[in-house]
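Peer 1: Just dropping this structure here.
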Amino acid sequence: LDTSTAMGRFVMDIIQRIAQLESEQIGERVYIGMEQKAKINGGVLGFNIPYGYNYVDGKLRIKPDEATTIKEMYSWYLSGKSMGEITKILNDAKLPTKRGRLWAKKTISTILKNPLYCGYLHWEEYVNKSDHDPIITVQDFDNVQHLLATHGGHPAKILTK
């Protein structure tokens, strides 16, 4: 195509727009497929391997040393420690995150709000019971969500009625 002419640029523009449309349609179809999977059975929909687990043979498996840290995080929060205090405890202990970095309050918040740790998988608005082993109880998870709500945070969905 001769892009030095108006007709050449026009044709090139049309080809680029068709490619963009196809790319967006693929993205929409992938999203719809993931939503249907989450609605039906809540299977793993792709994620970074969460702290406290390894991913082995298509399943989440508890990583004991990290699971102990997860239990402590929930316990500390339930006993009245703030996310900042928990962050300081973990960093002072030189305990790295999954990626070998320092802990941040946001990371602690994400863990405390993740129903994965009590045996559920979450995607968008769907929360489904999973077959992986939980690290904490549903009751502890829900108690943390109640505490987060009283502290003005944005808790995850409460799992028990």
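Read-outs throughout are calculated quantities, based only on the coordinates presented, and are distinct from any laboratory measurement. Treat the numbers as computed from the prediction; the structure is a model and nothing was measured. Glycine gets a Cβ as well: all are built from the backbone with ideal geometry, and neighbour counts include every protein chain shown.
Peer 1: With labels modelled as points extended 7 Å from the Cα through the Cβ direction, what inter-label distance (nm, one decimal) is found for Val11 paired with Lys71?
Peer 2: 7.0 nm
Peer 1: Among 65-77, 97-109, how do they line up by average Cβ neighbours within 10 Å per residue, starting with the highest?
Peer 2: 65-77, 97-109
Peer 1: Can you give me the relative contact order of the chain as a percent, contacts being Cα pairs under 8 Å and 6 or more apart?
Peer 2: Answer for the chain is 19 percent.
Peer 1: Same structure again: Once Kirkwood radius over Cα pairs in Å is worked out from the coordinates, which option in (1) 17.1; (2) 18.5; (3) 16.5 does it equal?
Peer 2: Answer label, from the structure shown: (2).
Peer 1: Can you tell me the orientation of helix 138-150 relative to the chain, as the angle in degrees between its alpha-carbon axis and the longest Cα principal axis, to the nearest 10?
Peer 2: Once rounded, the angle reads 80 degrees.
Peer 1: Same structure again: Once the Cα atoms of helix 6-40 and of the chain are each reduced to a long axis, what angle between those two axes, in degrees from 0 to 90 to the nearest 10, is obtained?
Peer 2: So the inclination is approximately 30 degrees.
Peer 1: What's the angle, to the nearest 10 degrees (0 to 90), between helix 83-92's Cα axis and the longest principal axis of the chain?
Peer 2: Roughly 80 degrees between the two axes.
Peer 1: Give a residue-ordered list of calculated ³J(HN,Hα) values for region 62-77 (Karplus: 6.51 cos²θ - 1.76 cosθ + 1.60, θ = phi - 60°; whole Hz; x for Gly, Pro).
Peer 2: 3J(HN,Hα) across region 62-77, in whole Hz: 5, 9, x, 5, 6, 5, 4, 5, 4, 4, 5, 4, 5, 5, 4, 5.
Peer 1: So what's the net charge close to Lys105: Lys and Arg +1, Asp and Glu -1, counting the other residues with Cβ under 13 Å from its Cβ?
Peer 2: Taking every other residue near Lys105 into account, the sum is +3.
Peer 1: For the pair Asn91 and Gln139, what calculated FRET efficiency results from E = 1/(1 + (r/R0)^6), where r is the Cβ-Cβ distance and R0 = 25 Å, to the nearest 0.05?
Peer 2: My answer for the efficiency is 0.30.
Peer 1: So between Val56 and Asn128, what do we pick up on full extension, going 0.36 nm a residue minus the alpha carbon distance?
Peer 2: The Val56-Asn128 span can extend by a further 23.9 nm.
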